[in-house]
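Asks: Structure below; questions to follow.
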Amino acid sequence: MLVLKVMPSRESIRPIELFVQFATFAAILLSTLFWLPGTAFATPSLNLSPLGGASGTGITVTGSGFVAGQAGSVWFDANGDGIKDPAESQSSVTTDGFGNFSTALTVPGVAPGYYPIRVDIPGGGIIEGEALFIVRNPSLTLGTTSGPPGRAVIVTGRYFAPGRAGWVWFDTNNNYIKDPGEPAMQVTSNSYGGFYASITVPNVAAGAYPVRADLPEGAYVEGEAIFTAIPSINLNPTSGSPGTFITVTGSGFEANKPGWVWFDANKNGVRDTGEPTAAVTSDAFGRIIVALPSPTGGLPPGSYPVRVDLPAGNAVTPTQNFMVKGSILALSARKGIPGGTINAVGSRFPSNTSGWVWFDANKNGVRDTDEFYKKVTTNAHGGFVTSLTIPKVAAGTYPVLADIPGGGFGAISASIVILAEPTLSLSVNSGAPGTILIVNGRDFKVWSSGRIWFDINGNGKKDANEPSRSVKTDSFGKFRATLTVPDRVRRGAYAVYADIPAWGRPEAVADFFVTTNRPSDDLTGDNPDVSMATPPDGAVNVHRYPSIRVTFDTRIIKGPDFSSITLSDEDGNVVRAGVRLWGKMLRIRPTGILKRETTYVLTIPAEAVSDTKGKGLDEDFILTFTTKR
C-alpha cells in the first residue's frame with residue numbers, strides 16, 4: 001500500500017478524505033500512461049468517404065473510440081434490420097491499441113435512399129456505431145436536348161460508380177442494348193462518379209430517343225436521358241439578290257413523306273399564294289433536296305425564312321433564314337445636261353431577267369410613254385449596262401429607275417443632278433463687220449477650259465480663218481470674253497459657238513446678224529428651199545426619239561414665225577420639242593419619246609426661217625413620218 005504522509009495544518013484533516021483524493025489522482029495517472037486490452041477510450045464514432053454515391057461506389061469506413069484490440073464487423077445494412085446478413089456487403093476488422101480501424105465496403109445494387117453502415121466491435125454484442133450513407137440515382141444530362149441529325153451532343157454523367165468503365169450510346173431502336181452502328185463512346189468515371197462524353201445524333205426520323213449509360217459495363221442500364229431529334233434544313237447560298245435560286249437540303253424527316261418547301265416572303269409562317277413554293281418528298285432516310293427562287297419584284301432587302309412543312313400539315317416547320325441583298329443601280333455620272341448621255345449599271349438583280357430602265361422626268365415613279373427608257377436583260381450574275389439620253393428638262397435632281405423584272409413593284413432608283421443647259425449671250429445681236437462682241441457664258445462645266453469662235457462658213461466647227469478666243473469657266477461655270485466680228489463677211493445670220501470643255505462638240509450657240517454687206521454682195525436671188533430632210537417625208541418605222549433634220553440650200557436665220565414651227569401627232573396634239581438652227585440646218589428633237597406606230601406631222605411656216613437676205617420659203621414645209629412599234 002502506498003502511504004502518503006501529509007504535514008498537518010493548523011486545521012485537522014480527516015484521514016479518510018485524504019485517502020479518497022489520492023486514490024482518484026492515481027487512477028487518472030494510470031489511465032493516461034498505460035492501456036490494457038478490452039479498454040475503451042471514448043465514445044465510438046464513424047466517418048464515411050464519400051457520404052453518398054451510386055451502386056458500386058467504394059466506401060472507406062474509419063472508426064475511432066472503440067474498444068482497443070478487439071475484432072468485429074462492419075457492414076452495409078441494406079435491409080436496415082440491424083443484423084449482418086450474409087448477402088450484405090461487409091468487412092471484418094480489428095481495432096488497434098487506440099480503438100481505431102479503417103476498412104472498405106462496396107455499395108450494393110439497391111434503390112436510391114439512405115442506408116446505415118453499422119459496426120459491431122467486439123463482435124457478437126450490441127451495435128457500437130453507425131453512420132448513414134445516401135445511395136444516389138445515377139443521372140445523365142445532355143448539353144442540348146433537341147436538334148437535327150448530325151449534331152454533337154455533350155453527355156454529362158453524375159453519381160455513377162467511381163473509377164469504373166462503361167459505355168454511353170444513342171439507343172436508336174430503344175432496345176436498351178448497345179447495337180452495332182449506334183453512336184457510342186466508352187467512358188471511365190472519375191473518383192466522384194462523374195464523366196463526360198460526346199455523341200453524334202445519327203440520321204433518324206423526328207422523334208424522342210434515349211441516350212443511355214451502362215456503367216459499370218455488363219450490368220443493367222444505370223442512367224438515361226431523352227434527346228428529341230427534329231428535322232433540319234440547310235440553304236445554299238444563304239444570301240443573294242431577288243430571284244436567286246436556293247438549293248434546300250434537309251434531314252431528319254419522316255421517310256417517304258410528301259410536303260412543301262416555301263419562301264415565307266411575308267414572314268407569317270403560312271404558305272401563301274404567290275410565295276415561291278416547291279413540292280418535295282423525303283427519301284427512305286428522311287432526306288430532302290429541292291430548289292426554289294427567292295421572290296422577285298422589288299422584295300426589300302432583309303432576312304426571310306425558308307420553311308419546310310413535311311409531312312404536309314406537320315406542326316414542326318424547320319426554318320433557315322435567307323438574306324436578300326438589295327439590288328444596286330449606279331450611274332456613270334452624278335451630273336449631266338439635257339442631251340447628254342449617261343450609263344446605268346445594275347448589279348444584284350434577278351439573273352437572266354428582262355425589265356426596264358428609264359429617266360423619270362416627271363418623278364412619278366412610273367415609266368410613262370413619253371419618257372426615255374431602255375429594255376434590258378440581266379446577265380447570269382444579275383448585272384446589266386445600258387445608256388440613256390438625258391431629256392430636255394429643267395435643272396434639278398431626277399431619278400433614274402430600274403424595274404427588273406418588268407411589272408414588279410418598288411423599282412430600284414439612282415439620282416442624277418441635271419444642270420441648266422449652257423447658254424451664250426452677246427452684248428449686241430447685230431452689227432457691222434469689226435463690231436466687238438462681249439460674249440457671256442453661264443451654266444458650263446466649272447473650272448473648264450475651251451474655246452469660243454465666230455462661225456463664218458456655218459459648219460459648226462472651228463476653222464483656222466475664224467476669229468476665236470480661249471476661255472476658262474469659274475467656280476460657277478461662267479466666263480466673259482470678247483470677240484470681233486470678222487471683216488469682209490456678207491450681210492446675214494451667223495453663229496457664235498462655245499466648246500467648253502473642249503471636246504470638239506459645241507455646247508452652246510448664239511446668233512449674230514451682220515447688218516452691212518460687202519460691196520460685191522449680190523442681194524438678188526431665189527428663195528431658200530429644202531434640199532434634204534431626215535427622216536424623209538412619208539418614212540415609217542422611225543425611231544421614237546428622232547432627231548429631225550431639215551437642210552436648206554443656203555444658210556438660214558430665224559424668221560418672224562420661227563416660234564410657230566410645230567410637231568404634232570395625227571390627232572393634232574402638239575408635241576413639245578426643241579428647235580435649233582445650225583448654219584443651213586434646222587434641227588427638231590422632241591423632249592420625250594413619241595408614241596408607238598403613230599403618224600406625226602412637222603410644220604415649218606414659210607416665214608419661220610429666211611436666208612441671210614431676209615427671203616423666206618415659197619410655202620409652208622410639211623413633213624410626215626410614222627414611228628415604229
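Quick note: the coordinates plus some simple rules give every number you see, no bench work behind them. Everything numeric here is computed off the predicted structure, so don't read it as measured data. All Cβ positions, glycine included, derive from the backbone under ideal geometry; neighbour counts span all protein chains shown.
Asks: So, in nm, how far is label Ala502 from label Leu132 when the simple model puts each one 7 Å beyond its Cα toward the Cβ?
Replies: In this crude spin-label approximation the distance works out to 10.8 nm.
Asks: Tell me which residues come under 5 Å, amide H to amide H, from Thr484 once H is placed; ignore anything under 5 positions away on its chain.
Replies: Leu437
Asks: Give me a comma-separated list of calculated 3J(HN,Hα) values for the range 110-121, in order, Karplus coefficients 6.51, -1.76, 1.60 applied at θ = phi - 60°, integers in Hz, x for any Gly or Pro.
Replies: Listing the rounded values in order: 10, 5, x, x, 9, 9, x, 9, 10, 10, 10, 9 Hz.
Asks: If packing is taken as the average count of other Cβ atoms within 10 Å, what order do 358-365, 152-159 fall into, highest mean first?
Replies: Answer by packing, highest mean first, reads 152-159, 358-365.
Asks: Same structure, new question: Taking the Cα centroid of the range 190-241 and of the range 60-76, what is the distance between the two, rounded to the nearest whole Å?
Replies: After rounding, the separation between the Cα centres reads 46 Å.
Asks: Determine the distance separating the Cα centre of the range 102-153 from the Cα centre of the range 453-494; give it in Å without decimals.
Replies: For the range 102-153 versus the range 453-494, the Cα centre distance is 111 Å.
Asks: Another one. For Arg451 and His381, what is the calculated FRET efficiency with R₀ set at 45 Å and r taken between the beta-carbons, to the nearest 0.05?
Replies: About 0.55, to the nearest 0.05.
Asks: Each residue of the range 573-578 in order: what ³J(HN,Hα) in whole Hz does its phi give by Karplus 6.51 cos²θ - 1.76 cosθ + 1.60, θ = phi - 60°, with x for Gly and Pro?
Replies: Calculated HN-Hα couplings, in order: 6, 6, 9, 5, 8, x Hz.
Asks: With each label point set 7 Å from Cα along the Cα-Cβ vector, what nm distance links Arg549 and Asp283?
Replies: Using points 7 Å along Cα→Cβ, the separation is 6.7 nm.
Asks: Answer with one residue from Val366, Asn100, Ala498: the one whose Cα lies farthest towards the positive end of the charge dipole of the chain, charges on Cβ with Lys, Arg +1 and Asp, Glu -1.
Replies: The residue sitting most towards the positive pole is Ala498.
Asks: Now for a separate question. Determine the dipole magnitude for the range 284-366: charges of +1 sit on the beta-carbon of Lys and Arg, -1 on that of Asp and Glu, nothing else is charged, the reference point is the Cα centre, and the result goes in debye to the nearest 20.
Replies: 240
Asks: Can you run phi through the Karplus equation (6.51, -1.76, 1.60; θ = phi - 60°) for the range 460-469 and list ³J(HN,Hα) in whole Hz, with x for Gly and Pro?
Replies: x, 10, 7, 9, 4, 8, 9, x, 8, 8
Asks: So for Leu215, Leu329, fewest C-beta neighbours within 10 Å to most, what's the order?
Replies: Leu329, Leu215
Asks: Which far-off residues, 5 or more places away or on another chain, put their amide H under 5 Å from the one on Tyr209, with H placed in the peptide plane?
Replies: Phe227, Thr228, Ala229
Asks: Taking only C-alpha pairs under 8 Å that are 6+ residues apart, what is the relative contact order of the chain in percent?
Replies: The value is 7 percent.
Asks: So, one more: So which lysines pass the test for Lys461, namely a Cα distance under 21 Å, with those fewer than 8 places away in the same chain ruled out?
Replies: Qualifying lysines at Cα under 21 Å: Lys445, Lys472, Lys558, Lys584.
Asks: Rounded to whole Å and ordered largest first, report the semi-axes of the equivalent ellipsoid of the chain derived from its Cα gyration tensor (root of 5λ). Numbers along the way, then the final one.
Replies: Numbers: eigenvalues 2591, 240, 46 Å².
Value: 114, 35, 15 Å, ordered largest first.
Asks: Let me ask something additional. Pull up all non-local amide H partners of Glu88: gap of 5 or more, or a different chain, and H-to-H distance under 5 Å with H placed in the peptide plane.
Replies: none
Asks: Relative to the longest principal axis of the chain, what angle (0 to 90°, nearest 10) does the C-alpha long axis of helix 15-33 take?
Replies: Computed tilt is about 50 degrees.
Asks: Over the range 434-534, calculate the relative contact order: mean separation of alpha carbon pairs under 8 Å at least 6 apart, over the residue count, as a percent. List each step's numbers first, then the result.
Replies: Numbers: 192 pairs, mean separation 28.9, N = 101.
The value is 29 percent.
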